[in-house]
Amino acid sequence: MTTEDMKTADAQAAQAAQTAQAAQTAQAAQPATPAELTSQVLRAYDDTPDARLREILASLVRHLHAFVTETALTAEEWMAGVRFLTETGQKCDAERQEFILLSDTLGASSLVDLLGHLASREPGATESTVLGPFYVPGAPHRQPGENIGRPQDGAPTLVRGRITDTAGRPLSGAELDVWQTAANGLYDVQDPQQPPFNLRGIFTAGPDGRYELRTVRPVSYPVPTDGPVGRLLRASGRHAWRAAHIHAIVSARGHQPVTTHIFDSENEYLDSDTVFGVKDSLIKPFRPASPEDPADVAYVAEMDFSLAPSPPSSRAPRTPRIPRTA
Ligand SMILES: [Fe+2]
């Protein structure tokens, strides 16, 4: 071996050592544990410009990774989850919101509602509950006492009460947007036999804050079970029934609107409502009508609503910003 050959061999050896070291360095940068991978992903979102989005993304990554790690999720289970969420999206259309239903049945909707309620707790204000997937904006305005249903829709019922502020002062002109199912358990948007906006209407409180409407006594109904959420409920051994209720969104100028329900106190699903929406203060008796009540109703329910004042910075009146769901 010549001196020149030795120099070449040394250079080659140095080159090989350099390459090996580079490879080792590259390997060290790769996460070796789940915790290292989670840290790497969190760092990738560190520069998200919007502070609230950054906070939400970081929390999402932390909890999602914790969920995958805790359950030792397999590739097959991960793919099954992807398929489930894909089908949930594919089940949504102009009249069906499977994602809200998924959120409702997992209790996420009620949790968001509860957190909002705790954050803006105003003593005496009517408690809120889930919107549900069947709200339709733009219901017709009705006259006081008007019937929102048809004779074949169920037991004729008078619902009445007052809309006030939290000090008990009447809120003249307050609006009450109500919707419910017929006795067959179906909303108008689910039932081709019902005309559009059947069992829906917006009522306006009088100078004394009073409102009055005719409808039917609400019944229990199962949430839609012909989609992925139905499969989830069956796989979990859960029933699909909602406690009988009338939906309401109450709003008034200068006050915080409330999205809520009136629940029938005699209903069998009050303790196991499939979307976790029942609150004690929203449960009311639907009593048989007495001789003093109007002759055309079989039941009477009384429900007062009380609204908290709007925060100073907000504009009034406000209505919830809700996409058309169903
Ligand atoms: Fe409902």
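If one computes the Cα centroid of region 104-133 and of region 36-59, what distance in Å separates the two points?
If you average the Cα positions of each part, the centres end up 28 Å apart.
Determine, for PHE276, PHE263, PHE286, PHE84, the number of other Cβ atoms within 10 Å of each Cβ, and report the residues in order from fewest to most.
By the 10 Å Cβ count, ascending: PHE84, PHE276, PHE286, PHE263.
Which far-off residues, 5 or more places away or on another chain, put their amide H under 5 Å from the one on ILE163, with H placed in the peptide plane?
Close amide H contacts, sequence-distant or interchain: LEU171, ARG210, TYR211, PHE305.
With θ set to phi - 60° and the Karplus curve 6.51 cos²θ - 1.76 cosθ + 1.60, what are the ³J(HN,Hα) couplings of region 99-104 in order, to the nearest whole Hz, using x for Gly and Pro?
The phi angles translate into 5, 5, 4, 4, 4, 4 Hz.
Return the sequence-ordered ³J(HN,Hα) values of region 255-271 in whole Hz as given by the Karplus equation 6.51 cos²θ - 1.76 cosθ + 1.60 applied to θ = phi - 60°, using x for Gly and Pro.
10, 6, x, 10, 9, 8, 9, 10, 9, 7, 5, 9, 7, 7, 9, 4, 8
What is the dipole size for region 104-307, taken about its Cα centre, with +1 at each Lys and Arg Cβ and -1 at each Asp and Glu Cβ, in debye to the nearest 20?
Roughly 260 debye for region 104-307.
Kindly write out, for region 81-88 in residue order, the coupling ³J(HN,Hα) from the Karplus curve 6.51 cos²θ - 1.76 cosθ + 1.60 (θ = phi - 60°), rounded to whole Hz, with x marking Gly and Pro.
For region 81-88, the Karplus-derived couplings read x, 4, 4, 4, 5, 4, 5, 4 Hz, x marking Gly and Pro.
How high is the relative contact order of the chain, given as a whole-number percent (alpha carbon pairs under 8 Å, six or more residues apart)?
Dividing the mean separation by the residue count of the chain yields 20 percent.
Spin-label point model (7 Å from Cα, Cβ direction): what's the LEU64 to ASP50 distance in nm?
1.6 nm
Can you list the residues, at least 5 places off or on another chain, whose amide H is less than 5 Å from the amide H of ILE283, using H built in the peptide plane?
Placed amide hydrogens put PHE263 under 5 Å from ILE283.
Bin all alpha-carbon pair distances of the chain at 10 Å intervals from 0 and give each bin's fraction as a whole percent.
5, 20, 26, 19, 11, 7, 4, 3, 3, 2, 1, 0, 0
We did not get these values from a lab; they are worked out from the coordinates using the rules stated. Only a predicted model underlies this, so the values are computations on that prediction, with no experimental measurement involved. Methodologically, a virtual Cβ is constructed for each residue, glycine included, from the backbone with ideal geometry; neighbour enumeration extends over all protein chains shown.
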